[in-house]
Amino acid sequence: MGAENPTLLVVVASTRPGRVGIHVGEWFRECARAHGGFDVQFADLAELALPFMDEPHHPKQRKYTHQHTKDWSAVVDGADAFVFVTPEYNHGYNAVLKNALDFLHGEWADKPVGLVSYGGVAAGTRATQQLKPVLDALRMAVTVEAVNVPFVARLLGPDGFLPDDVVEASAGAMLDELARLEGLLRPARREADLVAARS
């Protein structure tokens, strides 16, 4: 990390054909760019197409044998903060996101993450409640601020996702908090890098 803005990776979790998540993710990517506090990158798990976890070694060891894992590791390692755009399936988040998280370990640590969820009446919040303990185990810092979109279908139009004022405001608040947490966690990541370099 130099003098440039920190890198924010927006990850779209849904891979379902006809998915809403890609529209929500593209909207959030533009919000993040307009915010100005981050260099924004975008990862669509449908395009990434990771297989079901196929590494023989524990990800803590970083002894990756497959190129798809090495590529994913480089993307995640290069990010300073994350936003996961997640659907809710049967009161939980989807298996593709869990798989993408489980491929790696240390690459996630000491980095902030914001959650954008969408659905029906619960706005995807049951999924995020299941996701948070997993992110805790990966030593990520989840923002209190979140973007929860209820009845997401009402906000879809020919031009994609068209958020209301409440959703727009929540995105701005979450981005502000991501920027704050990223600055607080940066020294911890630098210390971890120094320890890793000495070992």
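The values are calculated or read from the model by the stated rules, or taken from the named source; none is laboratory data. Here the structure is a predicted model, which means the values were calculated and not measured. Cβ atoms come from the backbone with ideal geometry, glycine included; neighbour counts cover every protein chain shown. Ligands, DNA and RNA are stripped out before the accessible areas are found, and what is left, the full protein with its side chains, is counted by its heavy atoms. Shrake-Rupley method; radii C 1.70, N 1.55, O 1.52, S 1.80 Å.
Are there GluC sites (Glu not before Pro) in region 1-68 that DSSP puts in a loop and that have at most 11 other Cβ atoms within 10 Å, and which ones?
Taking region 1-68 and a limit of 11 other Cβ atoms within 10 Å, the loop GluC sites (Glu not before Pro) found are 4.
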Rounded to whole angstrom, the alpha-carbon centroid of region 126-180 lies from that of region 17-81 at a distance of 17
In this structure, the FRET efficiency calculated for residue 63 and residue 134 from their beta-carbon separation, with R0 = 25 Å, to the nearest 0.05, is 0.65
Contact order relative to length for the chain, counting C-alpha pairs under 8 Å separated by 6 or more residues, stands in percent at 21
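Of all DSSP beta bridges in the chain, what percent run antiparallel (nearest 5)? Present the calculation step by step, with values, prior to reporting the outcome.
Details: 3 of 24 bridges.
Around 10 percent antiparallel, to the nearest 5.
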Farthest towards the positive end of the dipole of region 7-197, among 144, 96, 167 and with Cβ unit charges of +1 on Lys and Arg and -1 on Asp and Glu, lies the Cα of 96
In degrees rounded to 10, the 0-90 angle between helix 165-198 Cα long axis and the longest Cα principal axis of the chain is 0
For region 7-197, the accessible surface attributable to carbon and sulfur atoms (probe 1.4 angstrom, ligands and nucleic acids excluded) amounts in percent to 54
